[in-house]
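Trainee: Input: one structure, supplied below.
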């Protein structure tokens, strides 16, 4: 290396300042503190400039991270919309199932329908979701989905309980068939119904009154049979305004009850279990009655219904007499 180049490099390591007093250049040394201060200032200025440049870029252009978040939010919104549609479809399906349950399944077993006000009753409110979804940009959509799910869950629970009840009654279908009042209560042949269910002229005073059962003409002492399995809940003389006289009431379960009135004799007691075709008394003329006959009523969930709708029309006379433990040869006339 030449001497001239070496001298230039050596001088570049130092800073020189002209001294007017000596009219010469003198070496000027910078303190460490000033150097540090200058470096700090340059560093801060660099950071500020970099941050400003980044802000301007982020304002006009999406960063990769922001683009990723936007895509994730869009996918989340789409999934929530799909979930909302699935909930709506499940709600529609459940509504159809509820209607079928009320109009088909429950009536088969004599069960009263569950009111839609009970099935569709909601609970809670949006307040309990405020702290959970309040800060989310999809708070309204999340709250709506959550409320629909809660409502759907309650309706499913009620429907499940209803199906459990129907299933229990299905297991008892054979017992129910034996309990429904399905045969005639008197063994008179031919069978004569002297007064039908509905409005009629009262034979006692001639006024129009609603007749809540059927009157079977018979002779005092004719046998009276219970029309279905059940339990005797009344077996005594009735002092009510209806004038039933000697009366037997049987609870068959499943919402069914039958009443046998104006009896001459009562052959069962309160609390006794009886089987279809079992004799429970004899035809009489007690109470508010002008001639020997059997007054027979059927109640479904404590509402009077027409007993004639429960008679089994396709039963053979021999089978009916077998149920009643009667020899058909002992009864004159033809089976009606």
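Trainee: Pairs needed: first member in the range 29-55, on the phi > 0 side of the Ramachandran plot; second member anywhere, in a loop (DSSP other than H, G, I, E, B) and surrounded by 10 or more Cβ atoms within 10 Å (Cβ to Cβ); C-beta distance under 7 Å; at least 6 residues apart or different chains.
Mentor: The qualifying pairs do not exist here.
Trainee: Can you list the strands (runs of 3 or more DSSP E) found entirely within the range 221-309 that contain at least 1 residues being within 30 Å of residue 167 (Cβ to Cβ)?
Mentor: 230-238, 245-253, 256-266, 293-300, 303-305
Trainee: If you don't mind, there's one more thing I want to ask. Yes or no: the range 31-41 includes at least one residue that is more than 30 Å from residue 148 (Cβ to Cβ), modelled with pLDDT of 70 or more, not assigned by TED's automatic domain parsing to the domain that holds residue 139 and not in a helix (DSSP H, G or I).
Mentor: Yes, there is a match, as at least one residue in the range 31-41 is more than 30 Å from residue 148 (Cβ to Cβ), modelled with pLDDT of 70 or more, not assigned by TED's automatic domain parsing to the domain that holds residue 139 and not in a helix (DSSP H, G or I).
Trainee: Here's something else I'd like to know. Give me the residue from the range 214-229 that is in contact with a helix residue (DSSP H, G or I) (Cβ under 6 Å, 6 or more places away or on another chain) and surrounded by 22 or more Cβ atoms within 10 Å (Cβ to Cβ) and, out of that set, nearest to residue 181 (Cα to Cα).
Mentor: 228
The values are calculated or read from the model by the stated rules, or taken from the named source; none is laboratory data. Because the structure is predicted, anything quoted here is derived from the model rather than measured. Methodologically, a virtual Cβ is constructed for each residue, glycine included, from the backbone with ideal geometry; neighbour enumeration extends over all protein chains shown.
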